[in-house]
Amino acid sequence: MRKIATLLIHFLAVSIVLIAQDKTPAVLPRPDFHFPGNIGRTYVESDPAQFPQMVKAPKGAPNILLILIDDAGFGQFSTFGGGVPSPTMDKLAADGLRFNCFHTTALCSPTRAALITGRNHHSAAFAGITELATGYDGYTCILPKSCGTVGEVLRQNGYATAWVGKNHNTPPWELSQAGPFDRWANGLGFDYFYGFNAGDMNHWNPILFENHNLVPASKDSNYYLTTDLADHAISWVREMKSIAPDKPFFLYVAPGATHAPHQVPKEWIDKYKGKFDGGWDAYREETYERQKKLGVIPPDTKLTPRPASLPAWSSLNADQKRLYARMMEVFCAYGAECDYEMGRIVDAIKQLPDADNTMIIYIAGDNGSSAEGGLEGSLNENIFFNGFPEKWQDNLKVIDELGGPKHFNHFTSEWAWAMDAPFQWTKQVASHFGGTRNPLIIDWPAKIKDKGGLRDQFLHVIDIVPTIYEVCGITAPVELNGAQQKPIEGTSFAYTFPKDSIKAKGRHETQYFEMAVNRGIYSNGWMASALSFEPWNPNRESFDPDKQKWELYNVENDFSQANDLAAKYPEKLRQLQDLWWVEAAKYNVLPLDWRGTVRMNAELMGRPSLIRGRKSITYYPGTIGVPDAASPPMLNKSWTITADIEVPDNNANGMIITHGGLEGGYGLYLRDGIATFVYNYLGIDRPTFVSKEALPKGKMKLVVRFDYDGGGLGKGGSITMTANGKEIAKGRLEKTVPIQFTIAEGVDVGQDVGSPIDFTYKMPFAYTGKIEKVTVDLK
């Protein structure tokens, strides 16, 4: 017996060692290499030398392609019953699995932080988008070192890692060329980055970075952003597999589509002419029927009604219908083109030798469809963020230009609601599935055999990371780069991959939701929901969360949250409300903050800044691509621009200094020697002040002074322009931008990168003379 016991102990010890060897380290990085042999006085007397070997991923670890579409609703793409063609999603769904109970956070940066860390968005300090950051633990938008990313963990476990597209997880005050760079994509564990560091981007004239370097503007007259992103993703993955074919890759692709601006080549728009003439109410009904036919919603699902504040399509006049149908045609083209480009990436990966062992995760939306275009649509999304509505009559005037380079356009809130069929509400509304439930498709030929299968277990975006770790055979580290790690807060759903898992009990039992005090709590089939503000209203002042109305749904039997049971089961509702506060305290959700557009103003919020406190800022030629957050805060105050330049002749041309672009800002330039100052008021108006005569050849001190009237935000003031002390132009700005010039574009000196401030010149409009310096003085 003693001998048997000894053998059993030995067997268990060996088994434990073998198991441990199969696991990746719980502490990363691995310790420095130390030679394990004997070392004598010389190499002759020493054991043979050994080199530390490169880290290899666990045997059989798959390649991973993670695609995240922007601002897409559950009922948007055809794969889930919508009207926007999505053949790439269709093909992946036919070969893999569809998930119809997958949830996001209802907003961009928060979902993306949760996606790459496996922690709830407040745990990862992303209560909102980076432009709304405040100084509370869950709200700083500074990704904690305790929330290591999947990119960093995979990189240290033998993966090649790349991020192509949108990065909206770097604090705006860290986005300039001065860094720091530890929270840029490269610093978050991605060997390669090509894309943009902003919430959205102009698709015709983007500001892009390759790793830390500003990408020169394309000279291709047919340039289009999503095509460019796909090209770089394909190039990177092919290069990696050519150089290191046995090394698995993790490729994260995050296109700007279908977030505003809704910009797309005209030939794509023309494909869908007339398709949406029936309007949003008919679209919802048609989508609902298609969803039932596809089986992506249960047959007894109810189609939720239109909110009372949204008009019926039948109530519109002919011009409104013509305009709004065109907006939807543009949006459909935008989404279809994006899916096509994602298909090019998928096709390239499917041609690789190890394609079968590639897991493709395709998430159609980081939140529901966006209602930020307002009730009448928008030519410039930045108008919404400055707290102003738009009039449909202004949109109608440029109906044929929608989707092109002159506008930062966004369709109406009604269309956003339609895209979220069969659910209530839209993006921002974390309390209801219209804001949080997004299509998920996973294709992995080597492991997923239930082709075309559907899974309905409750899942959340924080479940993606632990699922990746499980299928890759990687241990979530307890320490990463010297920082103790928060536990992964999601739950792996790899258990849903086998054929016999269709009826497997869901393992994600409780999940809180919160976004701008839109609150929800899911627990074992029940959902309590509390709306704070309608998403098409950007102005949010007084609010009492204790008076917020709560609704109750049994989502096991009520897929679309159509039947409010709050009055029937008040005790159940109270139980879930109490649970919400418990989860909120646990995950840094508090304090609740319902403020709207005012939080977009970094100066008013006191966010860190390279510029704050400086009354005089001097720029030198070659300073371009400075982000808005690192550019002078020239709103709601007086200021002076002083440009010390040399005019080569009386036909000099080019930009001297500009801040912003298509969405808003200003520009000071010479055209045929004429000094010109343009103030772009959110694309609505462009007051222009010009000298009567061309500036003479020679050194020149060109000054533009703005004297603010005061009396609040967005007031007017007087403009005076002088050349070598002589007044050359004068006038008034009757109103000014109150919250932010632009979403992403900041200062350029000597040329214009990104989008133009007006449409009278050709980019990059480099100055033909010399610039000594340009100084901005803030009063």
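The values are calculated or read from the model by the stated rules, or taken from the named source; none is laboratory data. Note that the structure is predicted; figures quoted are calculated from it, not measured. Using ideal geometry, Cβ is built from the backbone for each residue, glycine included, and neighbour counts are taken over all protein chains shown. Heavy atoms of the whole protein, side chains included, go into the accessibility calculation; ligands, DNA and RNA do not. Shrake-Rupley method; radii C 1.70, N 1.55, O 1.52, S 1.80 Å.
Say whether the condition of being crowded, with 21+ Cβ neighbours inside 10 Å, out of contact with any Cys (no Cβ under 9 Å at 6 or more places or on another chain) and not β-branched (Val, Ile, Thr) is met by at least one residue in the stretch 342-357. Looking through the stretch 342-357, at least one residue is crowded, with 21+ Cβ neighbours inside 10 Å, out of contact with any Cys (no Cβ under 9 Å at 6 or more places or on another chain) and not β-branched (Val, Ile, Thr).
For residue 245, indicate whether it is within 26 Å of residue 407 (Cα to Cα) and in contact (Cβ under 8 Å) with a residue 40 or more places away in the chain. Spelling it out, it is not the case that residue 245 is within 26 Å of residue 407 (Cα to Cα) and in contact (Cβ under 8 Å) with a residue 40 or more places away in the chain. The condition of being open to solvent by 50 Å² or more (accessible area, probe 1.4 Å) and touching a residue at least 40 places away in the same chain (Cβ under 8 Å) holds for only one of 587, 620, that being 620.
Condition test on residue 209, is it surrounded by 20 or more Cβ atoms within 10 Å (Cβ to Cβ), over 14 Å from the mean Cα position of the chain (by Cα), of a type in the set (Phe, Trp, Tyr) and more than 30 Å from residue 59 (Cβ to Cβ)?
Numbers: surrounded by 20 or more Cβ atoms within 10 Å (Cβ to Cβ): yes; over 14 Å from the mean Cα position of the chain (by Cα): yes; of a type in the set (Phe, Trp, Tyr): yes; more than 30 Å from residue 59 (Cβ to Cβ): yes.
For residue 209, the condition - surrounded by 20 or more Cβ atoms within 10 Å (Cβ to Cβ), over 14 Å from the mean Cα position of the chain (by Cα), of a type in the set (Phe, Trp, Tyr) and more than 30 Å from residue 59 (Cβ to Cβ) - is met.
For the stretch 498-521, filtering for residues that are open to solvent by 10 Å² or more (accessible area, probe 1.4 Å), in a loop (DSSP other than H, G, I, E, B) and either among the basic types (Lys, Arg) or touching a strand residue (DSSP E or B) at 6+ places or on another chain (Cβ under 9 Å) (or both) leaves 8. Listed by position, the strands (runs of 3 or more DSSP E) contained in the stretch 522-637 that have at least 1 residues being touching a Phe, Trp or Tyr at 6+ places or on another chain (Cβ under 7 Å) and farther than 27 Å from residue 386 by Cβ are 526-530, 551-554.
The residues of the stretch 550-605 that are at pLDDT 95 or above and among the small types (Gly, Ala, Ser), listed by number, are 560, 562, 566, 567, 584, 585. Return yes or no: is residue 682 within 28 Å of residue 196 (Cα to Cα) and either modelled with pLDDT under 95 or open to solvent by less than 10 Å² (accessible area, probe 1.4 Å) (or both)? The answer is yes for residue 682.
The criterion of at least 2 residues that are polar (S, T, N, Q) and closer than 23 Å to residue 616 by Cα is met, among strands (runs of 3 or more DSSP E) falling completely within the stretch 694-779, by 717-723.
Scanning for something under 16 Å from the mean Cα position of the chain (by Cα) and buried (at least 22 other Cβ atoms within 10 Å of the Cβ), does the stretch 237-249 turn up at least one residue? Within the stretch 237-249, none of the residues are under 16 Å from the mean Cα position of the chain (by Cα) and buried (at least 22 other Cβ atoms within 10 Å of the Cβ).
Looking only at residues in the stretch 434-462 that are under 9 Å from residue 97 (Cβ atoms) and among the aliphatic types (A, V, I, L, M), the one that is nearest to the chain's Cα centre (by Cα) is 440. Condition first: within 17 Å of residue 584 (Cα to Cα), under 16 Å from the mean Cα position of the chain (by Cα) and either of a type in the set (Gly, Ala, Ser) or at pLDDT below 95 (or both). Now tell me which residues in the stretch 102-127 satisfy that. 106, 114, 124, 125, 127, listed by residue number.
Within the stretch 754-770, being open to solvent by 20 Å² or more (accessible area, probe 1.4 Å) and hydrophobic (A, V, I, L, M, F, W, C) holds for 759, 763, 765, 766. Here residue 431 fulfils each of the conditions (1) more than 22 Å from residue 596 (Cβ to Cβ); (2) within 22 Å of the chain's Cα centre (by Cα); (3) open to solvent by less than 20 Å² (accessible area, probe 1.4 Å); (4) not aromatic (Phe, Trp, Tyr) apart from (1). When the test is whether a residue is among the small types (Gly, Ala, Ser), at positive phi and touching a residue at least 60 places away in the same chain (Cβ under 8 Å), residue 335 does not pass it.
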